[in-house]
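See structure below.
The values are calculated or read from the model by the stated rules, or taken from the named source; none is laboratory data. Nothing here was measured: the structure is a model prediction, and the numbers come from that model. Cβ sites come from the backbone with ideal geometry, for glycine too, and all protein chains shown count toward neighbours.
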Amino acid sequence: MPAKPRTSATPEPRTPLTDAQRQAITHAIADPSRFAILQQIARQDQLPCTALTAHITLSPATISHHTKTLQEAGLIDMARAGRGVSLTLRRDMWNAYLQQLAEL
């Protein structure tokens, strides 16, 4: 029987996370402040980094540290936009993480 052709409605297979990626994500979201930052980023397509300081009572240096940890874990992308930085949730990584948790 011939293989079914892939259509645009067929989701691409997810690449499983490595142990190191899974551990980095788990570490990143274990901190309540980082998880709160991740939740804010997830609510919008792109969030200016300066918008985080308006909602979280952390210093800009601490926010910078937390966003760097989230980026290194692969959970967010940080893109320069003029003098600022725009933050975006990497839903592919988040969904892959959730998928692996669901398989426990």
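Of LEU89, LEU58, LEU52, which residue is of a type in the set (A, V, I, L, M), touching an Asp or Glu at 6+ places or on another chain (Cβ under 9 Å) and surrounded by 14 or more Cβ atoms within 10 Å (Cβ to Cβ)?
Numbers: LEU58 fails: touching an Asp or Glu at 6+ places or on another chain (Cβ under 9 Å); LEU52 fails: touching an Asp or Glu at 6+ places or on another chain (Cβ under 9 Å).
One residue alone meets the criteria, LEU89.
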Notebook entry, point to check: For residues in segment 44-92 being of a type outside the set (Ser, Thr, Tyr), touching a helix residue (DSSP H, G or I) at 6+ places or on another chain (Cβ under 8 Å) and part of a strand (DSSP E or B), which is modelled with the lowest pLDDT?
Noted result: GLY84
Margin query: Report every pair of residues separated by at least 6 positions or lying on different chains whose Cβ atoms are under 6 Å apart, first residue within segment 55-70 and farther than 14 Å from GLN39 by Cβ, second modelled with pLDDT of 95 or more.
Written below: THR69/ALA28
Notebook entry, point to check: Pairs under 6 Å by beta carbon, first residue of a type in the set (Ser, Thr, Tyr) in segment 82-97, partner part of a loop (DSSP other than H, G, I, E, B), six or more apart or different chains?
Noted result: SER86/GLN46; THR88/GLN46
Check: Within segment 23-33, which residues are at pLDDT 95 or above and surrounded by 13 or more Cβ atoms within 10 Å (Cβ to Cβ)?
Finding: ALA24, ILE25, HIS27, ALA28, ILE29, ASP31
